[in-house]
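The values are calculated or read from the model by the stated rules, or taken from the named source; none is laboratory data. The structure presented is a predicted model; accordingly, all values stated were derived computationally and were not measured. When we count neighbours, we look across all protein chains shown, and the Cβ atoms used for this are built from the backbone with ideal geometry, even at glycine. We work out accessible area using only protein heavy atoms, side chains counted, and drop any ligands, DNA or RNA first. Shrake-Rupley method; radii C 1.70, N 1.55, O 1.52, S 1.80 Å.
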Amino acid sequence: MKIATYNVNGVNGRLPVLLRWLEEAKPDVVCLQELKAPQEKFPEQAIREAGYNVIWHGQKSWNGVAILARHLDIREFGRVLPGDPEDTHSRYIEASINNIHIGCLYLPNGNPVPGPKFDYKLKWLQRLANHAQELLNKNIPVILTGDYNVIPTELDVYKPERWVDDALFRPEVRMAFSDLMTQGWTDAIRQLYPNERIYTFWDYFRNAYGRDAGLRIDHFLLSPQLVEKLVAAGVDRYVRGWEKTSDHAPVWIELRDLP
C-alpha cells in the first residue's frame, strides 16, 4: 500500500500537476494540504475521474485538507483537530482507509516570531500532541501525515544558521515536535534514511530548487503497529521541477503485510 502526502499550494491552480502525478505515481492514498479553495470549489469530479474517492475540508483562499483513496472506501472520523472550538482554520481531517487510521494535517507556519501566529502554532502543536496520544491509546494502526511546518533537526535544512529565528526551526517548535515523537511515533523517512539529507520543500525564490536549498517539513509519523510494515519511503522531488508546480514535492511511504 502506497500512501503519500502532498502540499499542493492551491488545488485548482495546480490541478494539471496533481493529476499528472497521480497518473504516474498511482498512490493508493493521498493526503493533500493547502487546497486554498472553499468547500464548493474543490475539483471533486476531476479527482473522481482519476480513480479516487475523496473527502475534503475547504476554506476560501487559505488552508484546506483532503484525503484521496484509489478504489478504496474512506470512513471519515472528523474534520477538526480537537481542543479549540473557536478555531475555524481547515487544517485537519481524519479517516480510516483499509483499517489504517489516517490524520491529514496542515500545521500553522507561525511566522512572524514573536507574535499571535507563533502562539497559535504552539497551541496547535499541543492540541495535536493531546490528540495523538489519544490515538495511540486506542492501540490501532495510525498515520499522522502532512505539512508540519517543522524542521526537526539541522540535517533537515540546507543552512541551519539562516533559520534560527524562523518559526519552523525555533527551539520551542522543535522541542514540541520532539515531545510528540517521544509518545511512541516513528518518523518514517528517518527510520529508513537516518543520516541522509532529504528535502520536501524548495522556495520559489533565489533558485532554491536548482541549488537544492531545501527543507524537510512534510512528515509521516507512524504508530508502533506500522513500523515493521514500512518497506520504502521517498520524495518525488522531480515533481518540484515541473511547470506551474507547488513549492513542495510529494512524499510517500509503502507498507506491506497489511490485513
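Okay, here's what the table says:
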{"quantity": "Cβ-Cβ under 9 Å pairs, at least 6 apart or on other chains, the stretch 69-82 side under 9 Å from residue 95 (Cβ atoms), far side open to solvent by 50 Å² or more (accessible area, probe 1.4 Å) and not small (Gly, Ala, Ser)", "calculated": "69/53; 69/98; 74/53"}
{"quantity": "Test: residue in the stretch 192-206 that is under 13 Å from the mean Cα position of the chain (by Cα) and under 18 Å from residue 163 (Cβ atoms)", "calculated": "yes"}
{"quantity": "Selection status of residue 37, open to solvent by less than 10 Å² (accessible area, probe 1.4 Å), assigned to a loop (DSSP other than H, G, I, E, B) and over 19 Å from residue 250 (Cα atoms)", "calculated": "yes"}
{"quantity": "Residue count for the stretch 167-221, restricted to those that are under 17 Å from residue 246 (Cα atoms) and in a strand (DSSP E or B)", "calculated": "6"}
{"quantity": "Scope the stretch 13-34; condition in contact with a Phe, Trp or Tyr (Cβ under 8 Å, 6 or more places away or on another chain) and either assigned to a loop (DSSP other than H, G, I, E, B) or at pLDDT below 95 (or both); matching residues", "calculated": "27, 34"}
{"quantity": "Test result for residue 18, closer than 25 Å to residue 169 by Cα and either open to solvent by 20 Å² or more (accessible area, probe 1.4 Å) or of a type in the set (A, V, I, L, M) (or both)", "calculated": "no"}
{"quantity": "Tally of residues being of a type in the set (Lys, Arg) and either without any contact (Cβ under 8 Å) to a residue 40 or more places away in the chain or closer than 17 Å to residue 9 by Cβ (or both) across the stretch 178-210", "calculated": "2"}
{"quantity": "Residue list for the stretch 150-163, restricted to those being open to solvent by 10 Å² or more (accessible area, probe 1.4 Å) and either closer than 25 Å to residue 120 by Cβ or in a loop (DSSP other than H, G, I, E, B) (or both)", "calculated": "152, 153, 158, 159, 160, 162, 163"}
{"quantity": "Some residue of the stretch 224-237 being surrounded by 18 or more Cβ atoms within 10 Å (Cβ to Cβ), in a loop (DSSP other than H, G, I, E, B), under 15 Å from the mean Cα position of the chain (by Cα) and at pLDDT 95 or above", "calculated": "no"}
{"quantity": "Some residue of the stretch 168-184 being within 21 Å of residue 3 (Cα to Cα) and surrounded by 12 or more Cβ atoms within 10 Å (Cβ to Cβ)", "calculated": "yes"}
{"quantity": "All positions within the stretch 142-161 that are of a type in the set (Ser, Thr, Tyr) and touching an Asp or Glu at 6+ places or on another chain (Cβ under 9 Å)", "calculated": "145, 148, 158"}
{"quantity": "The stretch 31-68, subset touching a Ser or Thr at 6+ places or on another chain (Cβ under 6 Å) and polar (S, T, N, Q), residue farthest from residue 92 (Cα to Cα)", "calculated": "59"}
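Let's see how each residue does on (1) closer than 23 Å to residue 230 by Cβ; (2) under 19 Å from the mean Cα position of the chain (by Cα); (3) small (Gly, Ala, Ser); (4) open to solvent by 30 Å² or more (accessible area, probe 1.4 Å):
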{"site": "32", "(1), (2), (3), (4)": "yes, yes, no, no"}
{"site": "60", "(1), (2), (3), (4)": "no, no, no, yes"}
{"site": "71", "(1), (2), (3), (4)": "yes, no, no, yes"}
{"site": "80", "(1), (2), (3), (4)": "no, yes, no, yes"}
{"site": "89", "(1), (2), (3), (4)": "no, yes, no, yes"}
{"site": "95", "(1), (2), (3), (4)": "yes, yes, yes, no"}
{"site": "107", "(1), (2), (3), (4)": "yes, yes, no, no"}
{"site": "114", "(1), (2), (3), (4)": "no, no, no, yes"}
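Per-residue answers, yes or no, for (1) within 23 Å of residue 251 (Cα to Cα); (2) in contact (Cβ under 8 Å) with a residue 40 or more places away in the chain; (3) in a helix (DSSP H, G or I):
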site	(1), (2), (3)
86	no, no, no
110	yes, yes, no
128	yes, yes, yes
165	no, yes, no
